[in-house]
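**Student:** Here it is: the structure, laid out below.
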Amino acid sequence: MEGKILKLSFMESWGIRKMMKKVLIIFAHPARAHSKINNALRAAVENLEGVTINDLYANYPDFLIDVKREQALCENNDVIIFQHPFYWYSTPAIMKEWLDVVLTHGWAYGSKGNALKDKIFMQVITGGGDENTYQKDGGNLFTIGELTSPYQAVANLCSMKWLPPFTVLGIHRGLSDDKISYHKENYRRLIIALRDETLDIDSARQEKYCNSNLDEDIRRV
Ligand SMILES: Cc1cc2nc3c(=O)[nH]c(=O)nc-3n(C[C@H](O)[C@H](O)[C@H](O)COP(=O)(O)O)c2cc1C
């Protein structure tokens, strides 16, 4: 028993912790008191080691974003996640404001702007409409991939490694407690895999959603 504990602490001091990537979840929900799904997803990951939650509406109720603080947070993390409900086919307003003021020329992009280079970017999106509505011939006319393409373009411009979004759709039809638990568990697995570098990034990039095929895309170690 003692040997086991010793072995673990040696492994930790020799590198297990060093290998861990740091994950920043930039969270935006303007009505958190009424949120069911985003609160549930957030609760599944917020106590994980290596994970920082940056709640934009809580930190900046007046929309006055502290650019230096946000840039430092990004610099200090390896994986940057935007978690939010889908609002008018996009993010809640403060996330757009965040993009406008934080991603400055010479820092995020431009010939000398490489602060975000090679960091992983992913959105975590919850939506009222279900999967069938997000099709060319569905009620929302466009796919989630098409509607989120500006964020893929942002990641590309900033030389980040883009991953398709993790989605929880069909919320307006009502999600059973079992379904919510299933999504929470998948979110937790994905964040741990990103942190511990056990996600096969190349295959995850090919998926429609990052949570389409987690059993295949997360390597067993
Ligand atoms: C202002 C507003 C705009 C919305 N726009 C969309 C939308 O474009 N597409 C969609 O599927 N759901 C839309 N919804 C529904 C929310 O995405 C949904 O209620 C939310 O994801 C539920 O998550 P929560 O339980 O964390 O609040 C919208 C809701 C509001 C209040």
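**Student:** Please identify the pairs in which a residue from region 127-139 that is basic (Lys, Arg) has its Cβ atom under 9 Å from the Cβ atom of a residue that is more than 7 Å from the ligand (Cβ to nearest atom) and assigned to a loop (DSSP other than H, G, I, E, B), counting only partners at least 6 apart or on another chain.
**Tutor:** That search, which allows pairs on different chains as well, returns LYS136/PHE142; LYS136/THR143.
**Student:** Please go through region 110-134 and pick out each residue that is under 19 Å from ASN76 (Cβ atoms) and of a type in the set (Ser, Thr, Tyr). Walk me through it before giving the result.
**Tutor:** Let us first name the residues in region 110-134 that are under 19 Å from ASN76 (Cβ atoms), namely 113-122.
None; the set is empty.
**Student:** Exactly one condition in (1) open to solvent by 60 Å² or more (accessible area, probe 1.4 Å); (2) in contact (Cβ under 8 Å) with a residue 12 or more places away in the chain is not met by LEU147; state its number.
**Tutor:** (1)
**Student:** Would you tally the residues in region 82-93 being among the hydrophobic types (A, V, I, L, M, F, W, C) and surrounded by fewer than 20 Cβ atoms within 10 Å (Cβ to Cβ)? Don't jump to the end; show me each part of the working.
**Tutor:** If we filter region 82-93 for residues that are among the hydrophobic types (A, V, I, L, M, F, W, C), which is where we start, we get 82, 86, 88, 93.
Among the residues that remain, those that are also surrounded by fewer than 20 Cβ atoms within 10 Å (Cβ to Cβ) are: 88, 93.
Of the residues in that region, 2 qualify.
One line per residue, one yes/no per condition, for (1) out of contact with any Asp or Glu (no Cβ under 9 Å at 6 or more places or on another chain); (2) within 15 Å of the ligand (Cβ to nearest atom):
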{"residue": "ASN47", "(1), (2)": "yes, no"}
{"residue": "ILE53", "(1), (2)": "no, yes"}
{"residue": "PHE63", "(1), (2)": "no, no"}
{"residue": "ASP66", "(1), (2)": "yes, no"}
{"residue": "ILE80", "(1), (2)": "yes, no"}
{"residue": "TYR87", "(1), (2)": "yes, yes"}
{"residue": "HIS105", "(1), (2)": "yes, no"}
{"residue": "TYR109", "(1), (2)": "yes, no"}
{"residue": "GLY113", "(1), (2)": "yes, no"}
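**Student:** Here is a follow-up. Could you please find all residues in region 160-173 being open to solvent by 50 Å² or more (accessible area, probe 1.4 Å) and either touching a Ser or Thr at 6+ places or on another chain (Cβ under 8 Å) or more than 9 Å from the ligand (Cβ to nearest atom) (or both)? First the steps, then the outcome.
**Tutor:** Applying the first criterion (open to solvent by 50 Å² or more (accessible area, probe 1.4 Å)) to region 160-173 yields 161, 172-173.
Those that are open to solvent by 50 Å² or more (accessible area, probe 1.4 Å) and either touching a Ser or Thr at 6+ places or on another chain (Cβ under 8 Å) or more than 9 Å from the ligand (Cβ to nearest atom) (or both): LYS161, ARG173.
**Student:** Considering only region 63-82, how many residues are closer than 19 Å to HIS29 by Cα and either part of a loop (DSSP other than H, G, I, E, B) or not aromatic (Phe, Trp, Tyr) (or both)?
**Tutor:** Restricting attention to region 63-82, the residues satisfying the condition of being closer than 19 Å to HIS29 by Cα are 63-66, 70, 80-82.
After this cut, where a residue has to be either part of a loop (DSSP other than H, G, I, E, B) or not aromatic (Phe, Trp, Tyr) (or both) as well, the list is 63-66, 70, 80-81.
Looking only at that region, the number is 7.
**Student:** Confirm whether LEU157 is surrounded by 19 or more Cβ atoms within 10 Å (Cβ to Cβ) and without any contact (Cβ under 8 Å) to a residue 60 or more places away in the chain.
**Tutor:** no
The values are calculated or read from the model by the stated rules, or taken from the named source; none is laboratory data. Note that the coordinates shown come from a computational prediction; the quantities given were computed from them, not determined experimentally. Cβ atoms come from the backbone with ideal geometry, glycine included; neighbour counts cover every protein chain shown. To get the accessible areas, we keep the full protein, side chains included, count just its heavy atoms, and leave off ligands, DNA and RNA. Shrake-Rupley method; radii C 1.70, N 1.55, O 1.52, S 1.80 Å.
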